[in-house]
Amino acid sequence: MADVLKERHDKEYNKYVSDVTPKHSCLLNCIKAFITGGTICMIGQIFMTLFLNAGMSNDKSASFTTLSLILLSVLLTGLNIYPLITKWGGAGSLVPITGFANSVVAPAIEYKKEGQVFGIGCKIFTIAGPVILYGILSSWVAGIIYYIILKMR
Amino acid sequence: MEQSKGQQSILFKEPPYVIEGASVVGDKEGKGPLGEMFDHVSEDPMFGMNTWEEAESCLQKEAVEILLSKSRVSKVDVKYMFAGDLLGQLIATSFGLMKFDIPLFGLYGACSTMGEAMSLGAMTVNAGYAKQVIALASSHFASAEKQFRFPLEYGSQRPLSASWTVTGCGAVLIGKTKSNIRIMGITTGKIVDFGVKDSMNMGACMAPAASSVIYQNFMDLGVDESYYDMIITGDLGYIGRTILIDLLKEKGYDISNKYTDCGIEIFDQNSQDTHAGGSGCGCSAVTLCAYILNNIKKKKWKRVLFVPTGALLSTVSYNEGKSVPGIAHAVILEHCN
């Protein structure tokens with residue numbers, strides 16, 4: 001009985017808390033994310049066009065574009081500018097490859113003090129680790145589905 | 001005279017004095033509304049050290065050094081230190097206070113540590129076990145972020161309910177030497193859990209604990225809010241303030257016109273981008289030493305109920321789906337001539 005009462009009380013309190021807690025505007029966040037993500041993609045497109053014009057093949061230009069964006073993100077993370085971009089742009093700067101680079105470099109910088117092995121080595125993927133693990137898992141699942149579809153044709 | 005009052009309170013027979021207070025803070029706190037009042041503001045967030053943890057230790061060391069020199073007390077005349085911080089296994093305290101060679105009680109009360117340290121310090125002095133003791137607590141924005149959230153350079157959006165950990169250490173000398181401020185009594189808080197699981201809304205997690213300890217203080221002493229000139233919580237922030245006022249109203253007490261929170265006082269919400277306000281052990285500790293003690297000394301407030309608040313969580317308990325219970329400890333501070 002006491003448990004049920006506490007549960008009800010806690011539920012009411014949590015509801016009250018969510019009523020008095022201010023939240024970011026979702027629409028505004030979406031717009032900001034759209035602008036930020038779009039800008040990053042545009043920069044990528046500029047790189048791509050530059051590499052193509054320099055006479056690289058399509059595949060090669062794509063790889064170099066990815067590498068350039070990663071380099072840019074790493075530099076901006078080191079200069080402590082990337083967090084400011086994400087603070088404003090939210091998911092717009094988290095989702096592209098630049099966000100991934102940021103999530104790998106940030107722990108590397110923070111944990112360097114704890115040593116090359118137990119600091120950087122063990123902790124570099126604390127944020128990106130789940131993305132890598134489940135990214136590989138889901139691409140494996142997608143691969144199997146693709147294989148089955150091919151077989152059925 | 002019976003010193004134990006009610007279920008959770010003590011009124012001291014010989015109330016110890018708060019002889020002196022000292023505060024050391026970082027740059028952001030120095031630029032806040034209380035900036036002028038701190039004893040030392042360091043522009044270097046590393047405090048000349050190599051790591052964030054060392055920086056926080058340095059905060060504690062400097063605060064105690066300033067405290068000893070301000071009060072002209074030699075460290076051999078301090079019987080005990082009651083100290084704590086937020087880091088795992090209290091490393092800021094261990095490495096910061098080692099060199100003083102003073103017997104130490106290391107405390108963990110999350111952000112309520114200053115209240116816990118002062119309570120135990122005052123009890124020790126009142127009981128005659130020591131002539132003078134030091135109570136202190138510290139926190140550092142970067143070491144707390146690293147331990148509880150993300151690496152500093154990682155980009156993320158802080159919710160509006162999130163608070164900003166104060167970089168700072170406040171230390172007080174409690175003893176029998178006369179001063180203008182006395183610790184009349186204490187009310188020790190219980191762990192209160194209203195089932196909030198959002199660690200980014202600490203005000204909501206801790207407000208029930210603050211409400212419980214303030215209510216118990218009124219009950220044990222047989223008083224109401226009019227007994228105090230000011231009731232000041234540790235780091236409930238803006239959301240916690242709203243909730244605390246509502247919770248106490250439900251119990252029939254309206255503290256809204258004599259209540260503030262250290263987390264609200266220490267930063268300017270609009271210009272400093274601190275969302276819900278300041279937090280951390282250092283928040284209540286430095287605000288006490290720089291702002292509250294001064295106002296009691298100047299007699300602006302004659303009697304203050306100082307209530308540091310703590311959220312009892314770790315990244316492990318949070319990941320394992322536990323709620324975030326709160327705790328708060330009340331200290332009655334009074335002006336005396």
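The values are calculated or read from the model by the stated rules, or taken from the named source; none is laboratory data. Values in this document were obtained by computation on a predicted structure and should not be read as measured data. Please note: Cβ atoms are built from the backbone with ideal geometry, for glycine as well, and neighbour counts cover all protein chains shown.
Quick notes on this one:
- The range B:237-254, residues that are farther than 18 Å from B:MET219 by Cα and away from chain A (no Cβ under 12 Å): none
- In the range B:77-111, the qualifying residues are those that are among the β-branched types (Val, Ile, Thr) and within 28 Å of B:LEU236 (Cα to Cα), and the one that is surrounded by the most Cβ atoms within 10 Å (Cβ to Cβ) is B:THR93.
- Subset of the range B:199-216 (residues that are over 11 Å from B:LYS251 (Cβ atoms), at pLDDT 95 or above and more than 11 Å from chain A (Cβ to nearest Cβ)): B:MET202, B:MET206, B:ALA209, B:ALA210, B:VAL213
- Within the range A:72-93, being more than 7 Å from chain B (Cβ to nearest Cβ) and either surrounded by 17 or more Cβ atoms within 10 Å (Cβ to Cβ) or without any contact (Cβ under 8 Å) to a residue 12 or more places away in the chain (or both) holds for A:LEU72, A:SER73, A:VAL74, A:LEU75, A:LEU76, A:LEU79, A:ILE81, A:LEU84, A:GLY89, A:ALA91, A:GLY92.
- Taking each residue of the range A:1-24 that is within 7 Å of chain B (Cβ to nearest Cβ) and looking for partners that are surrounded by 13 or more Cβ atoms within 10 Å (Cβ to Cβ) and of a type in the set (Lys, Arg) with beta-carbon atoms closer than 9 Å, six or more apart or interchain, yields A:ASN14/B:LYS197.
- Annotation note: of B:ALA285, B:ALA290, B:ALA311, the sole residue that is closer than 26 Å to B:ALA55 by Cβ and touching a Phe, Trp or Tyr at 6+ places or on another chain (Cβ under 8 Å) is B:ALA290.
- Among the residues making up the range B:203-249, those that are out of contact with any helix residue (DSSP H, G or I) (no Cβ under 7 Å at 6 or more places or on another chain) and part of a loop (DSSP other than H, G, I, E, B) are B:GLY222, B:VAL223.
- Yes/no for B:ILE232 being crowded, with 20+ Cβ neighbours inside 10 Å, among the β-branched types (Val, Ile, Thr), under 19 Å from the mean Cα position of the chain (by Cα) and within 14 Å of chain A (Cβ to nearest Cβ): no
- Residue list for the range A:95-139, restricted to those being without any contact (Cβ under 8 Å) to a residue 24 or more places away in the chain, surrounded by 13 or more Cβ atoms within 10 Å (Cβ to Cβ) and outside any helix (DSSP H, G or I): A:ILE124, A:PHE125, A:THR126
- Residue check for A:HIS24: assigned to a helix (DSSP H, G or I) and either in contact with a Leu (Cβ under 6 Å, 6 or more places away or on another chain) or under 27 Å from B:LEU244 (Cα atoms) (or both): no
- Reported count of residues in the range B:253-262, each being more than 21 Å from the chain's Cα centre (by Cα) and either over 13 Å from B:SER226 (Cβ atoms) or surrounded by 18 or more Cβ atoms within 10 Å (Cβ to Cβ) (or both), is 1.
- Filter pass, A:ALA142 being touching a Phe, Trp or Tyr at 6+ places or on another chain (Cβ under 7 Å), assigned to a helix (DSSP H, G or I) and among the aliphatic types (A, V, I, L, M): no
- Subset of the range B:299-337 [in a helix (DSSP H, G or I) and aromatic (Phe, Trp, Tyr)]: B:TYR318
- Looking only at the range B:312-326, residues that are exposed (fewer than 12 other Cβ atoms within 10 Å of the Cβ) and in contact (Cβ under 8 Å) with a residue 24 or more places away in the chain come to 1 in all.
- Restricting attention to the range B:131-166 and to residues that are aliphatic (A, V, I, L, M), part of a loop (DSSP other than H, G, I, E, B) and farther than 19 Å from B:CYS262 by Cβ, the residue that is farthest from the other protein chains (Cβ to nearest Cβ) turns out to be B:LEU152.
This table checks each residue for (1) surrounded by 12 or more Cβ atoms within 10 Å (Cβ to Cβ); (2) within 30 Å of B:GLY237 (Cα to Cα).
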{"position": "A:LEU27", "(1), (2)": "no, yes"}
{"position": "A:ALA33", "(1), (2)": "yes, yes"}
{"position": "A:THR36", "(1), (2)": "yes, no"}
{"position": "A:LEU50", "(1), (2)": "yes, no"}
{"position": "A:ASN53", "(1), (2)": "no, no"}
{"position": "A:ASN58", "(1), (2)": "no, no"}
{"position": "A:PHE64", "(1), (2)": "yes, no"}
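- Within the range B:167-195, the set of residues being of a type in the set (Gly, Ala, Ser), closer than 23 Å to B:ILE327 by Cβ and outside any strand (DSSP E or B) comprises B:GLY189, B:GLY195.
- Hey, B:GLU29 within 14 Å of chain A (Cβ to nearest Cβ), within 16 Å of B:GLY282 (Cβ to Cβ) and in contact with a helix residue (DSSP H, G or I) (Cβ under 7 Å, 6 or more places away or on another chain) or not: no
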